[in-house]
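Below is one structure, written out as structure tokens; comments come after it.
Every number here is computed from the coordinates shown, using simple stated rules; none is lab data. Treat the numbers as computed from the prediction; the structure is a model and nothing was measured. As a convention, Cβ positions derive from the backbone with ideal geometry for all residues, glycine included, and neighbour counts pool all protein chains shown.
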Amino acid sequence: MSTWLVTGGAGFIGGNFVLDAVSRGVRVVNLDLLTYAGNPDTLAAITAHAGYRFVQGDIGDRALVAALLAEHRPDAIVNFAAESHVDRSIDGPAAFVQTNVVGTLGLLECARDYWKSLEGEARDAFRFLHVSTDEVYGSLGETGKFTETMPYAPNSPYSASKAASDHLVRAFHHTYGLPTLTTNCSNNYGPFQFPEKLIPLIIARALAGDALPVYGDGRNVRDWLYVGDHCSAIRAVLERGRVGEVYNVGGDAERENIVVVKTICALLDARRPLADGRARESLISFVKDRPGHDRRYAIDATKLKSELGWAPSLSFEQGIARTVDWYLDHQDWVGRVLDGSYRLERIGGAA
């Protein structure tokens, strides 16, 4: 039975990954600081599971990380821990540098020292997998896709901090031999996503009959990836990826933001019509664009597909319908998240 130290496992993607891993018989030690987007309620179903342990703490706390590695002797570290919202990085970039750069450095140093202490098969099998973003590549024009060999060109404090952490992971492999893997994913969506991100934000506001704010002209394009498919890609890379390599993970689902919003409106109109009979598209309100808003992202996941045999299992239409249904069925979870620290307001206007 494998043991994994998962950092940031109470967040959106990390939480889904932890739930899936434990269901597959993996022992998971989940280290999460529980900042605004960390939510232990996401993991309520496994809280008492014998194969799961939660530890509240910072990836930059080297004494804590070293103690956890010594006690649990994991076969892998999977690093989801990050400040991850572009708008918040515009308003307060320092926290992103502290967690995403300084924190990742501390985690890498602990991982290196732990790996060096291993022997034989345990040393050969150990992996450090770093979960990153396509935003490190910058912005695309109307054509083309991000590949693993593209130069980095981050345009926000968030993406710059993630780019720095990616470079540190690469450096620790090439300098110290640490067996690292990096994944750069497109925009995720699905269950348990914190409601400041586009899809859960629009679902929540549309359910309430509130205005639906869309940045600029709504024509910004993202490649959408259902979180369950992302988790399966991470497992594939962890199990079969080539040490030192980077793998892009995309959902083959490029959509303009306005199309995503209109799709959610139509799904909710069919499932939960407004009392006054209005179509929810009438609630769309175009607002001043976000500073430095990248125009288009698109992932080329050919390397992941050809080397490891991975492919997304859901189309965007299937995934977004499943996501809307999940939020409709879990309004109690949403209500507990909206505890006063975030009330569906716009952030990221500091520039």
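Annotations for the structure displayed:
- Each Lys and Arg Cβ is given +1 and each Asp and Glu Cβ -1; about its Cα centre, the chain then shows a dipole of about 100 debye.
- When only the Cβ of Lys, Arg, Asp and Glu is charged (+1, +1, -1, -1), the dipole of region 218-351 relative to its Cα centre reaches about 260 debye.
- Peptides ranked, highest mean first, by Cβ atoms within 10 Å: ranges 294-302, 150-158: 294-302, 150-158
- Dipole size of region 69-194 about its Cα centre, with +1 on Lys/Arg Cβ and -1 on Asp/Glu Cβ: approximately 140 debye, rounded to the nearest 20.
- In terms of overall dimensions, the C-alpha atoms belonging to the chain reach 67, 45, 39 Å along their principal axes, ordered largest to smallest.
- Within straight-line reach of residue 116, meaning a Cα separation under 20 Å, there are no lysines at least 8 residues removed in sequence or on another chain.
- Whichever lysines have a C-alpha closer than 21 Å to that of residue 197, once near sequence neighbours (fewer than 8 apart) are set aside: 162, 262, 288
- Karplus-derived HN-Hα couplings along region 279-291 (A = 6.51, B = -1.76, C = 1.60, θ = phi - 60°), whole Hz, x at Gly and Pro: 6, 5, 4, 5, 8, 5, 10, 7, 10, 3, 5, 5, x
- A dipole drawn for region 1-137 from +1 and -1 charges on Cβ atoms has a positive end, and of 35, 82, 65 the residue lying farthest that way is 65.
- Computed from label points 7 Å out along Cα-Cβ, the spacing between residue 293 and residue 3 is 4.8 nm.
- For the chain, the relative contact order is 18 percent, taking Cα pairs closer than 8 Å that sit 6 or more residues apart in sequence and dividing their mean separation by the residue count.
- Near residue 280: Cβ cut-off under 14 Å, other residues only, Lys/Arg at +1 and Asp/Glu at -1. The net charge is +1.
- Straight Cα distances below 20 angstrom link residue 303 to the aspartates and glutamates 134, 135, 148, 166, 223, 229, 239, 245, 252, 254, with same-chain residues fewer than 8 positions distant left out.
- Taking a Cβ cut-off of under 9 Å around residue 135, the surrounding Lys, Arg, Asp and Glu residues balance to a net charge of -1, with basic ones at +1 and acidic ones at -1.
- The order of the peptides 1-14, 306-319 by mean Cβ neighbours within 10 Å, most packed first, is 1-14, 306-319.
- Positive-end residue, the chain charge dipole about Cα centroid, Cβ charges, pick of 311, 285, 133: 311
- Dipole axis of the chain (+1 Lys, Arg; -1 Asp, Glu on Cβ), positive-most option in 122, 265, 48: 265
- Sum of -39500 (n - 2.57) over DSSP H runs of 4+, divided by residues of the chain (222 nm, nearest 500): -12000 deg cm²/dmol
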